[in-house]
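Remarks on the structure that follows.
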Amino acid sequence: MCHAGTEMKALALAALMFAAPAAAAPGDCPNCTLTGKDFSNQCLQSANFQGANFDDAKLVLACLSHANLKSASLRRADLSGANLFEATLDAADFSGAVLSSTSLKDADLSRAKGLTQAQLDTACGDAKTRLPAGLSVKMCQ
């Protein structure tokens, strides 16, 4: 779980580092270009990254629970060990993303793009995880 102090520090840092629009709340970065950035071990819980570009980004062990990643591009991003609990993932693009040990508990990936069974075989979810037709994920321990 993320801790509030760590979360706020990470979100404020993300907003400053990536020049979020002036009107955005701290930590929000909708439509930002975050290509190749390293967010490993960062708590970005509940952040708004709608439409953001995380192509080739490193999100290893990142806490993205409750984050808004609607229409975000996560192409070739490394999400190893990331927590996507209840993240908004509508139309997010996971083409080539690494999902090794990624927690997809209670996540709705039913309209996600680029997901493969091979990716999901390395991740885990729960009974509330929703996936595109024909795909499955093992239960988290």
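FYI, it's all coordinate maths here, none of it is from the lab. As the structure is a prediction and not an experimental result, all values here were calculated from the model. Every residue, glycine among them, receives a Cβ derived from its backbone with ideal geometry; neighbour counts consider all protein chains shown.
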### Task
Using the Cα centre as the reference, give the magnitude of the dipole from point charges on the C-beta atoms of region 27-98 (Lys, Arg: +1; Asp, Glu: -1; all else neutral), rounded to the nearest 20 debye.
80 debye
### Task
Sort out for me the Cα centre separation of region 117-132 from region 49-71, rounded to whole Å.
17 Å
### Message
On a straight-distance basis, which lysines could pair with Lys58 in a cross-link, Cα separation under 22 angstrom, same-chain partners fewer than 8 positions away excluded?
### Response
Lys9, Lys37, Lys70, Lys105, Lys113
### Query
Is the shape of region 73-141 best called rounded, prolate or oblate, per the rule: a/c under 1.5 gives rounded, else a/b larger than b/c gives prolate, else oblate, with a ≥ b ≥ c the square roots of the Cα gyration tensor eigenvalues?
rounded
